[in-house]
Amino acid sequence: MTSTYRTAEGGRIDRSTTLGFTFDGEVLTGHPGDTLASALLAAGRHSIATSVKLGRPRGVAGAWAEDPCGLVQIEEPFPEPMLLATTVELFDGLAAHGLPGQGRLADVPDSARYDAVHHHVDVLVIGAGPAGLAAALTAARAGARVALVDEQSEAGGSLLSGTDQLDGVPATAWVEAAVQELAGSPEVLHLQRTTAFGSYDDGFVLALERRTDHLGGAAPEHLSRQRVWRLRARSVVVATGAHERPVVFADNDRPGIMLAGAARTFLHRYGVLPGREAVVFTTNDSAYDAALDLSRAGVRVQAVVDARPDGAPHRRAECDDAGIPVLPGSVVTGTRGVERVTHALVAPLAGGQVGPSSAVACDLLLVSGGWNPAVHLYSQARGRLRYDDELGAFLPGDDVDGLAAAGAAAGVTDLAGCLADGQRVARAALASLPLEPAADDRLPSAPESGTPAAPMVLWRVPDTSGAEGTTSFVDLQRDATVADIARAVGAGLRSIEHVKRYTTIGTAHDQGKTSGVLTSGITAELLGVPVRATGTTTFRPPYTPVSFAALAGRDRGRLFDPERVTAVHGWHVAQGAVFEDVGQWVRPRYYPQPGEDMDAAVLRECAAVRSSVGILDGSTLGKIDVQGPDAAVLLDRVYTNLMSSLEVGSVRYGVMCGVDGMVIDDGTVLRLAEDRFLALTTTGGAAKVLDWMEEWVQTEWPELRVHCTSVTEQWVTFPVVGPRSRDVIGAVFPGVDVANEAFPFMAWRDTTLDGVPVRLARISFSGELAYEVYVNAWYATAVWTRLIDAGRRFGITPYGTETMHVLRAEKGYPIIGQDTDGTVTPHDLGMAWAVSKKKPDFIGKRSFARPANTDPRRKQLVGLLPTDGRTVLPEGSQIVELHPDGVLPPPPVPMLGHVTSSYRSAELGRPFALALVRAGRSRIGETLHVPLAGSLVPVEVTASVLVDPEGARRDG
Amino acid sequence: MQLIACPWCGPREEVEFSYGGQAHVPHPAAPADLSDEEWAHYVFFRANPKGRFAERWNHSAGCRRWFNAVRDTATYRFEAVYRLDEPRPVTP
């Protein structure tokens, strides 16, 4: 296929290299420097996709991110939906097809890398057009630390799309010199293909750098595909240019209808003629450049249709010379053509009335309704916009702290003005640093532009087609029309935010870059109010779509969240343990032997512990070292129990409550010295409890001389559990008298093993005789191995969290956060014994006396035994009570509570459960029911302690 | 993402901080002497103004110290930060 619409020369493409690609299966070619859109236009292909609701053919209407039409899906090299043909840089092997407004996510994992970089600068300049380059040069020359980011493949902005001269030479030469100068400045970071998509408080800007997308299949694997830049700047210069605004008329969506400035970009930057016969419809001077440039390039310009009664008198002579008819006081009222525009319907406009139209043949209809400054980033940073009646656009109002717009983004319309404005804004930023501008801070001079004729603000052309606005498209991506806005207003909507949501205008991929201000204008017209009263909808990040993969960066898969493993993790892995996540910890859940499933393994592990000895890696338990003369005072206040009476060498179980009296954590406390305690917390509660203690010490009791330090990672904890644990401990630690009288329950003893300090504590979370072994994590594997070796003759069985849960549940020991949910008091758990009556106060004490907390109908922790002796109740199951006659109460059936823990018990020979049940303790002995899979499972309510309620086993 | 000026560390990104609710709500000295209603006010009731609000903040991913701040809940702007042992500053 020859590129019949490619110019013979000019543009910033490399004609010496040909790139092959396919679109909708058609094999096509282009050149380096092309976008997918320019390569398609060069092949004469305008119709790219169909619209989302109406299925109307749509083409390329813009030249960059403002295009509301040209949505494509890339298939090769990696599938990616919803990209704009205008922003996809062409590469060899690209395969894409047009999209009807919706794409398809890849069904294969994305193998590309994504990453993020933090960067801090004095001045961040967004946009490398004339204003941005001027600003960056000014700041860099003054010695400021500068970042310049620009979304295009090369710097220059609008200068790439025109024929401007600076200092008498093509402006692109100045761009090249400026880029070189910046590259030579050590404090300047200059990024192209980098879109600043979000602007936040205090100079924080997020930008997405597309590092290898343009390389296609040739992208090196070691490079991240996209990078999120987290930029923090003392001053931000928003030099993001302006988007051309269309005018709405009937059938304004046909392929071949394009913004006038976009046509100029395709011609000058990509060497593409967007058509052969053009009609140019404008309300301002800027489209005359497009008409004249296209004419010079060989396009037959049938007419410039200028809505202004007098047109642009100062451009008249040029048009006459070029043989371009100018029709002032005229508008385009409609078009013909299906896959491509064939005619523009042109009619005079006078006094708001449209005269009879005549059809002008064309394959290209260029439209310009003026320019909207790209105020997105300014507005996102909570800059307030003001409406300019002359330009028909919203401009940045007052400067936001540390952020200012420059150039076309601030409403400046001429090149000399943009250069000067960039420099002005950069100098203001320097003054705030403060830095002096460089002595030689010269900018090139631009030729004087002639006296422009004032633009006319025209949102829409009255619809004379009979379609009553239903084909006058405002938001092409949403297929939303003037008729839709009229319907919204007719339904009583006044707020532009409501109109947006009613019509969906501005909610598509392009976020209303071309439709937003039009909607404000048309809504204001329909309501008969000034546009400034209507305002705009809120601009929110991202400016252009950003993939979730880029935002996730490296935080996915195993790096999504830190993984904490204990010092003996390798041993567990070698033993074939099955692991589970407990918070960030990875803990062995059970150790299956060949042929065992979890149930079988857990029953075996439980039986081994209760009949002989088992060992658990309990290193994840939270450990807080509480030191200071007032350590005991602090603990008395945060635990419900009395801790100050604890003797050195002893251990006490304690419960912690919030001020509302609800249990937040529990654990044992070892008194190491008069002024030192080791407080143990649940695995999941470790950080929370440390924070809790810190909060009270810092905010309420700063007079307490006490410090709290996490030592969770420093100490490993290995509970050795079961009737033979004394034999194992005695064998490994001969320096300790393990006799019950010498080393009683709830006592701790220090010893050494080959010179390494070891602490032993008689703490039991299973009801069995048990010793917790504490040692510096450095020696963990050695000590663990000694314990395993010494226990071998008793068949010592390593067990995981599942067995730990069964053993503790058999004893009615609750897990805070599993058997409780933040509405459970110690009394509800049957732990009134752990609540001190001697202490005048502690956190939560007063709440226990609230009537709601003493209500006998509160939910209480009890045991449940399914009477069939077989059913394992799913945790979370609801519990109901039948009428005395055995009938379920009518709906809504009162729910008495729910199952919080449920397991098979080797010891009991049957499944059992713990549950929170309304007035549970008064129901012991009753039969309740659990609805399960369409039937009602009868369960007997029991006390929460089902194994060894008299505590006979704890001393072995 | 705004910067919050920790009185100890200086300006840091807001993700390093956690919120602690209304400031200057001391734990009652003698809870036992309070009526249920008075106690409930301490436990459950907090102001929720639009505008300036004295709040507790914790530099939880930094120095882990608590401090107070006066923040405008309508603009999110921090107007003052101060240590716990300092009185609430008078903001203009």
Across bins of 10 angstrom width beginning at 0, how are the C-alpha pair distances of region A:594-705 distributed, in whole percent? 13, 38, 25, 15, 8, 1, 0
Under Stokes-Einstein, with the Kirkwood radius over Cα pairs standing in for Rh, what whole-number D in µm²/s applies to region A:778-882 at 20 °C and 1.002 mPa s? 119 µm²/s
Place a label point 7 angstrom from the Cα of A:Glu926 along the Cα-to-Cβ direction, then list the residues of region A:831-861 whose backbone nitrogen is under 19 Å away. A:854-861
Can you divide the C-alpha Rg of region A:617-683 by 2.2 N^0.38 Å and report the result to two decimal places? 1.06
State to the nearest 20 debye the size of the charge dipole of region A:838-893 about its Cα centre, where the only charges are +1 on K and R beta carbons and -1 on D and E beta carbons. 620 debye
Taking A:Ser16, A:Ser472 and counting other C-beta atoms within 10 Å, the order from fewest to most: A:Ser16, A:Ser472
Select from A:Thr333, A:Ala344, A:Ile664 the residue farthest towards the positive end of the dipole of chain A; place +1 on Cβ of Lys and Arg, -1 on Cβ of Asp and Glu, and compute about the Cα centre. A:Ile664
Can you count the Lys pairs in the protein assembly as shown with C-alpha separation below 23 Å, eight or more apart or on different chains? 9
Number of partner chain Cβ atoms within 10 Å, mean per residue of A:841-854: 3
For region A:698-774 and region A:659-686, compute the distance between their C-alpha centroids and round to whole Å. 15 Å
Label point distance in nm, A:Gln180-A:Arg300, each placed 7 Å from Cα along Cα→Cβ: 4.5 nm
If you add up the charges near A:Leu430, with Lys and Arg at +1 and Asp and Glu at -1, over every other residue whose beta carbon is less than 9 angstrom from its beta carbon, what do you get? -1
What number, in nm² with one decimal, is the all-direction average of the projected area of the convex hull of the alpha-carbon atoms of region B:1-54? 5.4 nm²
Under a Cβ-Cβ limit of 4.7 Å, which cysteines in the protein assembly as shown have nobody to pair with? A:Cys69, A:Cys319, A:Cys362, A:Cys418, A:Cys606, A:Cys657, A:Cys708, B:Cys63
For region A:886-938, divide the Cα radius of gyration by the Kirkwood radius and give the resulting Rg/Rh value with two decimals. 0.99
Acute angle (nearest 10 degrees) that the helix A:516-527 long axis makes with the longest principal axis of chain A, alpha-carbon atoms: 80 degrees
Can you work out the PRE-style zone for A:Arg554? Point 7 Å along Cα to Cβ, and I want the residues of region A:89-123 with backbone N under 19 Å. A:110-120
Between A:Thr504 and A:Val117, what FRET efficiency follows from the Cβ-Cβ distance if R0 is 56 Å, with the result rounded to 0.05? 0.95
Alpha-carbon spread of region A:718-801, three principal axes, descending order, Å: 30, 27, 23
Unit charges at the beta carbon, dipole of region A:231-322: most positive-side option, A:Asn284, A:Ala233, A:Ala263: A:Ala233
So if we plug the beta-carbon distance of A:Met895 and A:Leu105 into 1/(1 + (r/R0)^6) with R0 = 56 Å, what FRET efficiency do we get, rounded to 0.05? 0.90
Taking region A:23-118, the whole-percent share of alpha-carbon pairs separated by over 19 angstrom is 40 percent
Can you compute 3J(HN,Hα) from phi for each residue in region A:789-805, using the Karplus curve 6.51 cos²θ - 1.76 cosθ + 1.60 with θ = phi - 60°, rounded to whole Hz and x for Gly and Pro? 4, 5, x, 4, 6, 9, x, 3, 10, x, 10, x, 5, 5, 5, 3, 5
Euclidean distance between Cα centres, region A:888-956 to region B:18-36, Å: 38 Å
At 7 Å along the Cα-to-beta-carbon direction for both A:Leu526 and A:Gln818, put a label point, then send me their distance in nm to one decimal. 5.9 nm
Over region A:554-623, one equal point on each Cα, no solvent: what is log10 I(q)/I(0) by the Debye formula at q = 0.20, 0.21, 0.25 Å⁻¹? -0.93, -0.99, -1.20
Assigning unit charges at the beta carbon (Lys, Arg +1; Asp, Glu -1) and nothing else, what dipole magnitude in debye, to the nearest 20, does the protein assembly as shown show about its Cα centre? 1520 debye
extent check for region A:828-956: Cα max minus min per principal axis, descending, whole Å, gives 51, 45, 23
Translational D (Stokes-Einstein, µm²/s) of region A:320-474 at 10 °C and 1.306 mPa s when Rh comes from the Kirkwood sum over C-alpha pairs? 82 µm²/s
On a 0 to 90° scale, report how tilted helix A:686-699 is relative to the longest principal axis of chain A, with both axes built from alpha carbons and the result rounded to the nearest 10. 80 degrees
Find how much the distance from A:Val872 to A:Asp321 grows on full extension, using 0.36 nm per residue of separation minus their present alpha carbon separation; answer in nm with one decimal. 189.1 nm
Give me A:Cys319, A:Cys606, B:Cys9 sorted ascending by neighbouring Cβ count inside 10 Å, so fewest comes first. B:Cys9, A:Cys319, A:Cys606
A:Thr163/A:Lys53 FRET efficiency (R0 25 Å; Cβ-Cβ; nearest 0.05): 0.05
Tell me the chymotrypsin sites (Phe, Trp or Tyr not before Pro) within region A:499-589 that lie in a loop according to DSSP and have at most 14 other beta-carbon atoms within 10 Å. A:Phe560
Per-residue Cβ contact counts at 10 Å, fewest first, order A:His929, A:His120, A:His498 as A:His120, A:His498, A:His929
Note on the protein assembly as shown: C-alpha Rg/Rh, Kirkwood Rh, two decimals, gives 1.09
Hits in region A:839-873: amide N under 18 Å from the 7 Å Cα→Cβ extension of B:Leu84, namely A:842-844
Where does region A:103-222 land on the Kirkwood hydrodynamic radius, alpha-carbon pairs, in angstrom? 16.0 Å
The rounded separation in angstrom of the Cα centers of region A:395-442 and region A:815-857 is 64 Å
Where does chain A land at 222 nm, in deg cm²/dmol rounded to the nearest 500, when only DSSP H runs of n ≥ 4 count, each adding -39500 (n - 2.57), divided by all residues? -6000 deg cm²/dmol
Modelled label-to-label distance, B:Cys63 and B:Ala32, 7 Å Cα→beta-carbon offset: nm? 3.9 nm
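Read the figures in this text as sums done on the coordinates, not as results from a lab. Model, not experiment: these values are computed from the prediction. No Cβ is skipped: glycine too gets one built from the backbone with ideal geometry, and neighbour counts run over all protein chains shown.
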